[in-house]
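Report on the following structure.
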Protein chains: 2
Amino acid sequence: MSGIAVIGSVAFDDIVTPTGRADDVLGGSATHFAVAASFFAPVHLIAVVGADFPQAERDYLASRGIDLAGLETRPGKTFRWTGRYHEDLNVRDTLRLDLNVFAEFQPRVDAATRKLPFVYLGNIAPALQSGVLDQFDAPKLVACDTITHWIETARPELEAILPRLDPLVLNDEETRLLARERNTVRAARRILERGVKRMLVKRGEYGAILFSPESVFAVPAYPLEEVFDPTGAGDSFAGGLVGYLAATGDLSEVGLRRGIVYGSVIASFIVEDFGGRRLRSLTRDDVERRYKRFVALTEF
Amino acid sequence: MSGIAVIGSVAFDDIVTPTGRADDVLGGSATHFAVAASFFAPVHLIAVVGADFPQAERDYLASRGIDLAGLETRPGKTFRWTGRYHEDLNVRDTLRLDLNVFAEFQPRVDAATRKLPFVYLGNIAPALQSGVLDQFDAPKLVACDTITHWIETARPELEAILPRLDPLVLNDEETRLLARERNTVRAARRILERGVKRMLVKRGEYGAILFSPESVFAVPAYPLEEVFDPTGAGDSFAGGLVGYLAATGDLSEVGLRRGIVYGSVIASFIVEDFGGRRLRSLTRDDVERRYKRFVALTEF
């Protein structure tokens, strides 16, 4: 059995950027990952929504080949996030956070999904990530994201799952905070020493860098004249990567490198419009064209 | 006739970093560029020092094959800079700046040097850069650096020489300031529209990005577990680049891309010790080894 299981949030976002605003945009870590990965491989979504979740959004996700059997519907409202980006789009304020049904989320993995070889643990409490991971039989690859909040408030639970992760996907700041090191390269090495198999550092407009015990791979981001809305960039980056790995089954260093470039390609599209809107009209041909431009961008 | 002419400062630096300090370190834009370029091609240094400039430093520069016929000695003291880096090494304060003999610097280019095909205009007043450039017969390539100070105080003089530059080498912030654009990619495009032939943006620990009218090339920086002292990184980066171009004569897009990687290699060495000290023991073999590691770092 092939395919990817993703655990995380499905949400509605109200987003304010320096150039505009949009309300009720479909978002959440699991959503952005799932849609990105669906360009490459079948995805099984494990998440929770409220009774208010519209049929039209279910239809959209299903149209992308995303299996919604694990999308639980509970009485109440769907998770909602309101955020505002600064002129420097790397900085954002959370104006409002309504967890709603997400507050009681206890992810359960059904018998068929437990056999899936690829797992993405989106940003939720590390104890929940651990509990979900325990339900899988023998995944070949477990990618994981987290945020500063969990590193600061749930460090023991997070450190306990590190040896099961490949890759752990963090940004520069999170990497340094987790390792308690000032230098990102040294921080990534320390995290590998704690058992993480491969460490992938997201650097936003500057690209990404992959640390393996034996090698390092660095790639710039696709240069954009305008970044419209960074929401979802990190999760869609991971989605492109894991989607490519699931499609090819190539978990070697070379496979991961190419997957990271595919992830960078998807992330370069998602920031062109609010939330995940850009991906609704994106085609696999668009992805392949930009992958080729990525090769031209970086070869010497 | 082949070779490179460099115009800029020769200085002594007192440097404080979060991990140490060093006094009387040979520095200045022209020095760092010249030493870096000397790994590849003959360099002719056009600069001024005071009567205090030690014979030992002359001997060192001469030992690198740098022609010192254009190094004027004037009564008085050599330019001196005292700076302190923050924990974030991208931020530094100038604690003291003694221009000394540099204040009256009027660069003159002798008859032999005027025929040189490669010119680097290090960071000095744009009017002086223009005056020097006028003295050359028909250079094939003129690279140029400047700083925020000149963009703010001498914009008309700087804009006047833009159409003569290939490449203009600026950091992110300088690029955006010169173009009055918030986005670096858009800023670089605007600068190309003003006549600069190619625009090279330095991004420190994140690498560099080259904008040509027809293409873009992005390369990460070599990942280092410790950046000891960034002084001279930008000028040695330019020195590696122009040195490689002068050695090969290949001014094509591919040539420039490879030159940028050689520049990145030299810059990755210079930050390993105070000022240019690391380059004193560096060999061409060291450079080639790290170039190969750069290929391994970036290929996918």
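For the stretch A:205-300, the equivalent ellipsoid derived from the Cα gyration tensor has semi-axes of 21, 15, 13 Å, listed largest first.
Phi angles of the stretch A:98-110 translate, via the Karplus equation with coefficients 6.51, -1.76, 1.60 and θ = phi - 60°, into HN-Hα couplings of 10, 5, 6, 5, 5, 4, 9, 4, 10, x, 10, 10, 6 Hz per residue; Gly and Pro are given as x.
Cα centroid separation, the stretch B:273-300 to the stretch B:177-248: 18 Å. Tell me, rounded to the nearest percent, the portion of alpha carbon pairs in the stretch A:1-134 spaced more than 25 Å apart. When all Cα pairs of the stretch A:1-134 are counted, 27 percent exceed 25 Å. Secondary-structure-derived ellipticity at 222 nm for chain A, considering helices only, amounts to -11000 deg cm²/dmol, per-run term -39500 (n - 2.57) for DSSP H runs with n ≥ 4. The antiparallel fraction among DSSP beta bridges confined to the stretch A:130-234 stands at about 55%.
The mean count of C-beta atoms from other chains within 10 Å of the C-beta of residues in A:175-188, rounded to a whole number, is 2.
Accessible area ranking (1.4 Å probe, heavy atoms, ligands and nucleic acids excluded), largest first, for B:Glu152, A:Glu57: B:Glu152, A:Glu57. Farthest towards the positive end of the charge dipole of the stretch B:1-150, among the residues B:Ala5, B:Trp150, B:Tyr60, is the Cα of B:Ala5, using unit charges on the Cβ of Lys, Arg, Asp and Glu. Take each residue of peptide A:213-223, count the partner chain Cβ atoms within 10 Å of its Cβ, and average: the result is 6.
Relative to the other identical copies, B:Ala125 shows label-point distances of 6.6 nm, where the label point lies 7 Å from Cα along the Cβ direction and values run shortest first. Kindly identify the stretch A:80-193 as rounded, prolate or oblate by the Cα gyration tensor criterion: order the square roots of the eigenvalues as a ≥ b ≥ c, call it rounded if a/c is under 1.5, otherwise compare a/b with b/c, prolate if a/b is larger, else oblate. Oblate, since a/c reaches 1.5 and b/c is not below a/b. For the stretch B:56-122, the percent of C-alpha pairs falling in each 5 Å distance bin, counted from 0 to the bin holding the largest distance, reads 3, 11, 15, 18, 19, 15, 11, 6, 1, 0. Ascending distances from the A:Ala296 label point to its copies in the other chains, with the point 7 Å along the Cα-to-beta-carbon line: 3.1 nm.
In the stretch A:149-300, the DSSP beta bridges split such that about 65 percent are antiparallel, to the nearest 5. Residues within the reach of a label modelled at B:Asp59 (point 7 angstrom out along Cα to beta-carbon, backbone nitrogen below 20 Å), restricted to the stretch B:7-29, are B:11-12, B:24-27.
Beta bridges assigned by DSSP with both partners in chain A are antiparallel in approximately 40 percent of cases. Using a 1.4 angstrom probe on protein heavy atoms only, the contact between A and B buries about 2900 square angstrom of accessible area, both sides summed. Among A:251-257, A:173-179, the peptide with the highest mean count of other Cβ atoms within 10 Å heads the list, and the full ranking is A:173-179, A:251-257. Extending 7 Å from the Cα toward the beta-carbon at both A:Arg155 and B:Ala138 defines two label points whose distance is 6.7 nm. Out of every Cα-Cα pair that the stretch A:247-297 contains, those further apart than 13 angstrom amount to 60 percent. Residues A:Lys140, B:Lys202, ordered by accessible area of protein heavy atoms at a 1.4 angstrom probe radius and largest first, appear as A:Lys140, B:Lys202.
Multiplying the residue separation of A:Leu95 and A:Arg180 by 0.36 nm and removing their Cα-Cα distance gives an extension gain of 27.7 nm. Extents of the stretch A:7-80, taken as max minus min of Cα coordinates on every principal axis and listed largest first, are 36, 32, 20 Å.
Pull out a ≥ b ≥ c, the square roots of the eigenvalues of the alpha-carbon gyration tensor of chain B, then state rounded if a/c is under 1.5, prolate if not and a/b is larger than b/c, and oblate in the remaining case. The shape class here is rounded. Karplus-based coupling profile of the stretch A:140-150, in residue order and whole Hz: 7, 8, 10, 8, 8, 10, 8, 10, 3, 3, 6, with θ = phi - 60° in 6.51 cos²θ - 1.76 cosθ + 1.60 and x standing for Gly or Pro.
Projected onto its three principal axes, the C-alpha set of the protein assembly as shown covers 85, 44, 40 Å, listed from the longest axis down.
Remark: relative contact order (the stretch A:39-177) = 17 percent; criterion is Cα-Cα distance under 8 angstrom and separation of 6 or more residues.
Where in the stretch A:202-281 are there chymotrypsin sites (Phe, Trp or Tyr not before Pro) that are in a DSSP coil and have at most 14 other Cβ atoms within 10 angstrom of their Cβ? When the chymotrypsin sites (Phe, Trp or Tyr not before Pro) of the stretch A:202-281 are filtered for loop state and at most 14 Cβ neighbours within 10 Å, nothing remains. Nearest-to-axis residue in chain B, judged by Cβ distance to the rotation axis that brings B onto A and given in whole Å, is B:Tyr206, 2.
Applied to the stretch A:39-45, the Karplus parametrisation 6.51 cos²θ - 1.76 cosθ + 1.60 on θ = phi - 60° returns per-residue 3J(HN,Hα) values of 5, 10, 7, x, 10, 10, 8 Hz, with x for Gly and Pro.
The values are calculated or read from the model by the stated rules, or taken from the named source; none is laboratory data. Predicted, not measured: the structure shown is a model, and the values here were computed from it. With ideal geometry, Cβ positions are generated from the backbone for all residues, glycine too; neighbour counts draw on all protein chains shown. For accessibility, only protein heavy atoms count, side chains too; no ligands or nucleic acids. Shrake-Rupley method; radii C 1.70, N 1.55, O 1.52, S 1.80 Å.
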